[in-house]
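Worksheet: the structure to be examined is printed underneath.
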Amino acid sequence: MKITGAAPKIAIPTIIYMFIAIYVDKLNYPLFKISLDNYSTLVVIGVIMVMIGVSMVIAVQGKLRKSFYSGLLMQDGLYKVLKNPMYDAYLIFVFPGLSLLLNSWLVMTTFIVNFILLQIFIREEYRYLDNKFDVEYKSYLNNVWVKFL
């Protein structure tokens, strides 16, 4: 498996969907607006959410790369807390944060598309990790704090 794992199969359709949702949202203004009055509040919350998500990705990216090329199972940092911190960052923070910045319920549905694609394609990574690390991976799954995905 490549270092990108299942990410391209998840990210590319998700991003395409998001751009289509943005386009449809713009064509149907103001039908899908979350708020017409408190947009500045949405911007602040959206920026904070995107910053948290991007920070999570940056925090694990370098360590994950080093671990992958060393042939080691990543188990520390955010991986001690979350089973899939990079995917979680996009799912929980980045896509919803962007939806708030764009002030659109329709764009918010990108979260659902991303979640479904994640459930379908993440299995490849799980099989790879189980085959490669066997007992160590099973132990990791028992010890990780949040098994969200």
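The values are calculated or read from the model by the stated rules, or taken from the named source; none is laboratory data. Treat the numbers as computed from the prediction; the structure is a model and nothing was measured. We place every Cβ from the backbone using ideal geometry, glycine too, and count neighbours over all the protein chains shown. Note: accessible area is taken over every heavy atom of the protein model, side chains too, but ligands, DNA and RNA are not part of it. Shrake-Rupley method; radii C 1.70, N 1.55, O 1.52, S 1.80 Å.
Of the residues Leu118, Leu102, Leu64, the single one that is in contact with a helix residue (DSSP H, G or I) (Cβ under 9 Å, 6 or more places away or on another chain), buried (at least 17 other Cβ atoms within 10 Å of the Cβ) and at pLDDT below 95 is Leu64.
Residue-wise test of (1) in contact (Cβ under 8 Å) with a residue 40 or more places away in the chain; (2) out of contact with any His (no Cβ under 6 Å at 6 or more places or on another chain); (3) not polar (S, T, N, Q).
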position	(1), (2), (3)
Asp88	yes, yes, yes
Trp105	yes, yes, yes
Thr109	yes, yes, no
Val113	yes, yes, yes
Asn142	no, yes, no
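Check whether at least one residue in region 25-37 is within 30 Å of Phe133 (Cα to Cα), part of a loop (DSSP other than H, G, I, E, B) and small (Gly, Ala, Ser), and report yes or no. There is no residue in region 25-37 that is within 30 Å of Phe133 (Cα to Cα), part of a loop (DSSP other than H, G, I, E, B) and small (Gly, Ala, Ser). Taking region 1-24 as the range and being in contact with a Leu (Cβ under 8 Å, 6 or more places away or on another chain) and outside any loop (DSSP other than H, G, I, E, B) as the test, the residues that pass are Lys9, Ile10, Pro13, Thr14, Met18, Ala21, Ile22, Val24.
Kindly indicate which of Tyr69, Tyr17, Tyr79 is among the hydroxyl-bearing types (Ser, Thr, Tyr), closer than 24 Å to Asp130 by Cβ, touching a residue at least 40 places away in the same chain (Cβ under 8 Å) and open to solvent by 40 Å² or more (accessible area, probe 1.4 Å). Being among the hydroxyl-bearing types (Ser, Thr, Tyr), closer than 24 Å to Asp130 by Cβ, touching a residue at least 40 places away in the same chain (Cβ under 8 Å) and open to solvent by 40 Å² or more (accessible area, probe 1.4 Å) holds for just one of Tyr69, Tyr17, Tyr79, which is Tyr69. Within region 130-149, the set of residues being aromatic (Phe, Trp, Tyr) and not in a helix (DSSP H, G or I) comprises Trp145, Phe148. All of (1) outside any helix (DSSP H, G or I); (2) of a type outside the set (Gly, Ala, Ser); (3) open to solvent by 40 Å² or more (accessible area, probe 1.4 Å) hold for Arg127 with one exception: (1).
Residue pairs whose Cβ atoms lie under 8 Å apart, separated by 6 or more positions or on different chains, with the first residue in region 25-51 and more than 12 Å from Ser104 (Cα to Cα) and free of Cβ contacts under 8 Å to residues at least 24 places away in the same chain and the second open to solvent by less than 40 Å² (accessible area, probe 1.4 Å) and part of a loop (DSSP other than H, G, I, E, B), are Thr41/Ser35.
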